[in-house]
Structure formats: structure tokens, C-alpha cells
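Structure, as C-alpha cells:
The values are calculated or read from the model by the stated rules, or taken from the named source; none is laboratory data. Keep in mind that this is a model prediction, so the values were computed, not measured. Heads up, the Cβs are rebuilt from the backbone with ideal geometry, glycines too, and the neighbour counts pull from every protein chain shown.
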Amino acid sequence: MTSGRQLRKNGVFAVVLIASMSGSSFATARDKVVSVPDIIPPKIKHDHTKAYVGKGSTAKVIATVTDNRGVSSVVVYYRQQGTTDFSSIKMMQIGTDVFKADISHVQAPGLDYYIQAADIDNNIATIGSTHSPLVMRYDGLQKSLAEGSNGLLTDKIAAEKPTKKTATWV
């Protein structure tokens, strides 16, 4: 008869096997600890569909990153649209599983970017990539209208959500 029990903590299994044979004086007990590597990458949640940046403002990139063993780093790679080289900035943890990076001096037409996260076992996850980046729209008009620019707007335009197509400067 053989029975066994497994205990797992932080990727390490402790296996206890007890074996005995009926009708024999042979009996053994053995404990063995087996280390099992973590192969599960982090999970990244990020809503890029609402991403935009206003004129002269700082782009804020926020993502929720979780992992079964622990996140070691989260980095955002970015470039001005129309350029080829990506720069990077480490995202800072601002809450439980929430990471943020600020990218300054964004210009038209906007940013291409992607987010990469690594866990403590160096499993890597990305959202977006160098060949298929996420896009952050540049809406230079959005910030200046929201902050109350020196320009005057017609009543109709002021009542609408301003966009580049509907705003008229007079």
C-alpha cells in the first residue's frame, strides 16, 4: 500500500510518501522536497482604448499587474509616433498591483507604446509590442480647452465635448 500527500508553498512541493507491504516486516518512510519552477507569467490589465494626452501635458500610463509569485518589474517602452527607437521608463507601484509611469513632452501625432512585466522568476508578459504597439492619441486641443485657454469658443462648441474636428477658434 502506498499513500502520498503534497504540500505546496511558493513553488516548492514537499512530498511525503509512506510505503508498507502486507505480511512483511519491510516498511519505509521518506520525505523529499522537490523544487518546481514557476512558468506562469504575470498578467497585465491596461485599457489603452481611452488613452490620450493633451498639448504640453504628461502622458500617464497606468496598468494593473498581478502574478502568482510576485512582480519584480514593470516597464513601459514608448516612442513618438513616426520615429523608430523606443525609450523606456520603469513604472512605479502606486497601489496594490497598480503601476504608473509619466511620459513628458509628448507631441503630435502621439505615442506608440507597450508594457512589459517580469515576475520574480523572470517570466515575461507584454501588452503591445515593438511591431504592434499600443497607441496614445495626441489631442492638443483637449488640454487647452479643459484648462480654459485664451481663445474664445462659440456657445455650441463649448457645450460639446471638444475635438479637433468640432472646435472653432474665433
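Can residue 96 be described as of a type in the set (S, T, N, Q), under 16 Å from residue 62 (Cβ atoms) and in the same structural domain as residue 60 (by TED's automatic domain parsing)?
yes
Give all pairs with beta carbons closer than 7 Å in which a residue from the stretch 59-70 that is over 12 Å from residue 97 (Cβ atoms) meets a residue that is of a type in the set (Phe, Trp, Tyr); count only pairs at least 6 apart in sequence or on separate chains.
Once the first residue is over 12 Å from residue 97 (Cβ atoms) and sits in the stretch 59-70, its partners that are of a type in the set (Phe, Trp, Tyr) give 61/113.
List the residue pairs whose Cβ atoms are under 9 Å apart, where the first residue sits in the stretch 80-94 and is hydrophobic (A, V, I, L, M, F, W, C), the second is in a loop (DSSP other than H, G, I, E, B), and the two are 6 or more positions apart or on different chains.
86/130; 86/133
If residue 101 satisfies all but one of (1) in the same structural domain as residue 53 (by TED's automatic domain parsing); (2) at pLDDT below 50, what's the number of the condition it fails?
(2)
Just give me the residues in the stretch 90-142 being loosely packed, with under 14 Cβ neighbours inside 10 Å and closer than 12 Å to residue 44 by Cβ, in sequence order.
Residue satisfying the conditions is 124 alone.
If you check residue 102 against the conditions, is it within 13 Å of residue 61 (Cβ to Cβ) and charged (D, E, K, R)?
On the way: within 13 Å of residue 61 (Cβ to Cβ): yes; charged (D, E, K, R): yes.
For residue 102, the condition - within 13 Å of residue 61 (Cβ to Cβ) and charged (D, E, K, R) - is met.
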